[in-house]
1. Of the residues GLY122, GLY77, which single one is touching a residue at least 40 places away in the same chain (Cβ under 8 Å) and either over 18 Å from GLY34 (Cβ atoms) or open to solvent by less than 50 Å² (accessible area, probe 1.4 Å) (or both)?
2. Out of GLY77, GLY93, which single residue is over 18 Å from the mean Cα position of the chain (by Cα), among the small types (Gly, Ala, Ser) and over 22 Å from VAL324 (Cα atoms)?
3. Residue check: is ALA348 farther than 14 Å from VAL388 by Cα and free of Cβ contacts under 8 Å to residues at least 24 places away in the same chain?
4. Take the conditions more than 28 Å from ASP194 (Cβ to Cβ), in contact with a helix residue (DSSP H, G or I) (Cβ under 7 Å, 6 or more places away or on another chain) and among the polar types (S, T, N, Q) and apply them to GLN375. Does it pass?
5. For residues that are of a type in the set (Phe, Trp, Tyr) and open to solvent by 20 Å² or more (accessible area, probe 1.4 Å), tally how many sit in region 28-68.
6. Which residues, counting only those in region 332-368, are open to solvent by less than 10 Å² (accessible area, probe 1.4 Å), under 27 Å from GLU277 (Cα atoms) and out of contact with any Lys or Arg (no Cβ under 8 Å at 6 or more places or on another chain)?
7. Determine, yes or no, whether ARG229 is farther than 30 Å from LEU361 by Cβ, open to solvent by 20 Å² or more (accessible area, probe 1.4 Å) and among the basic types (Lys, Arg).
8. Looking only at region 204-243, count every residue that is in contact (Cβ under 8 Å) with a residue 24 or more places away in the chain, of a type outside the set (S, T, N, Q) and assigned to a loop (DSSP other than H, G, I, E, B) and tell me the total.
Amino acid sequence: MLHRPVALARASFAARTFATKPSAPPSCPNFSSGPCAKRPGYDLAKLDVSTLGRSHRSKVGKAKLKQVIVDTKRILGIPDDYLVGIVPASDTGAFEMAMWSMLGERPVDMCFWESFGKGWFGDAANHLKLDGVTEVSGAYGELPDFSKTNPDHDICFTWNGTTAGVKLANADWISDNRTGLTFNDATSAAFAMDIDWKKADVTTYSWQKVLGGEGAHGMLILSPRAVERLESYTPPRPLPKIFRMVKKGKIDGGIFEGSTINTPSMLCVSDYADALEWADSIGGLEGLIAKSESNLKVLEDFVDATPWIHFLAQDKTSRSNTSVCFTLDLEPDQVKKMTALLEAEGAAYDIGAYRDAPAGLRIWCGATVEKHDVQALLPWLEWAYDEVKSA
C-alpha cells in the first residue's frame, strides 16, 4: 500500500497537463555562449574581402585594422587617452598577456565566482607563482565580498561571469583613489553592459561573444595607469614574443594603431568590422544593451510562470543579460537528456551548463540573438522537460 505523500505525488503527476510538442523550432537555434550566434541577416558573401591575400602590414591591411580599433573605441565609449589593441589568442591570450606583463609589482586580489575567474587565480598562484595572492571568491550564483579587496593591491575580476550568469551589479567597490591596477575580463560583457571605464585599467574581450564574431583574436584596452605600469615595471620572468608590449622601456604604440604583434586573419577582421557596422545600425552600445535586456526579460517572465526552472544568479541586480544560467528540478543525467533532445530536434544548440557549473541550462541572450527566437524556444523547453521528467 502506498504511503499517503507518495500516493498524492503520483496522483498530482498523473493529473498534470503535459506540453504538446511544438510544431516549429526557433528560426535560429544557436544559443551558445561562445562562439555566439552571428548577427541577424549575416551573409558571409557580403563581407568586404578587399584585404584578403594582402599583407596585414600593407597600407590597406593596417588601415583596416586601425579602423576597427577606432570604431571599437567609439561604440564602447572608451576614453580618448586609453589604448586599444588587437592581440593573439582571443580573450584568454589578452588576459594572460596582461597578467604576465604587469602582475607582480605588488600584491594581487583575485576575485572570482565562476570557472574562468578561478582559472586566472590558478595562473597567478601556480604558474606565475606570485607573492601576495589573495583569493576573494564567491559560490556559483553569488558575487564575492568585494570589501575584502585592497585598493593598494592589483585586483583581477570578470565583469560578467560567463559560466555562472552573474555580473557586477556595479563597480562602486573599486576605489577612484586606488594605487593598484584593475584587470577586467569583460569577454561576455563588452557590447552588452555599460562598463565604467574609470574603474578599469586593463580590459580584455574577444570577438566571438556579444558581437558574434570569430575566434582567435583578443582585444586589449589599457588606461594611462596601465601604460605607466608597463613602462615602469619589468617582470622577473621571460615573456614570449606574443606577450611583449614594450620596446626599450616604452609602450609599443604600433600595436594600438593596427600593427599587430603577429599575423591576424584578415577574414576575421572583416567579419568583426561587419559586426561593428551592424552594431551601429541598431543604435550602438545603447541598442545592443537594450536588445540583450529584452531577451533576458522573456526568460524572466518564463521563470516567474514556471515552477521547475530557476535562475542560478541569486540577486536580480547581478543577473547576467548575456550568459543566462539556470538550474532545473531534474537530476544531472536528466538535464543532459533534455539538452540532447533539444539539439536532436534542432530547437536549441549548446545550452547545457558549463562543465564545472551546477547542472542546468545556459542560454545566450546577447544582441545577436533575436527576441522571437527566445520566445520560440520556451515551448520547446517545456516539452523537453516533460519528456525527460515523465520518462
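1. GLY77
2. Details: GLY93 fails: over 18 Å from the mean Cα position of the chain (by Cα).
Just one listed residue meets the conditions, GLY77.
3. Working: farther than 14 Å from VAL388 by Cα: yes; free of Cβ contacts under 8 Å to residues at least 24 places away in the same chain: no.
No; evaluated as a whole, the condition is false for this residue.
4. Here the answer is no, as GLN375 does not meet what is asked.
5. Here the count works out to 1.
6. Of everything in region 332-368, those that are open to solvent by less than 10 Å² (accessible area, probe 1.4 Å), under 27 Å from GLU277 (Cα atoms) and out of contact with any Lys or Arg (no Cβ under 8 Å at 6 or more places or on another chain) turn out to be ILE363, TRP364, CYS365.
7. Details: farther than 30 Å from LEU361 by Cβ: yes; open to solvent by 20 Å² or more (accessible area, probe 1.4 Å): no; among the basic types (Lys, Arg): yes.
For ARG229, the condition - farther than 30 Å from LEU361 by Cβ, open to solvent by 20 Å² or more (accessible area, probe 1.4 Å) and among the basic types (Lys, Arg) - is not met.
8. Count: 14.
The values are calculated or read from the model by the stated rules, or taken from the named source; none is laboratory data. This structure is a prediction, so every number in the text was calculated from the model and none was measured. Please note: Cβ atoms are built from the backbone with ideal geometry, for glycine as well, and neighbour counts cover all protein chains shown. With ligands, DNA and RNA removed, areas are computed over all heavy atoms of the protein, side chains included. Shrake-Rupley method; radii C 1.70, N 1.55, O 1.52, S 1.80 Å.
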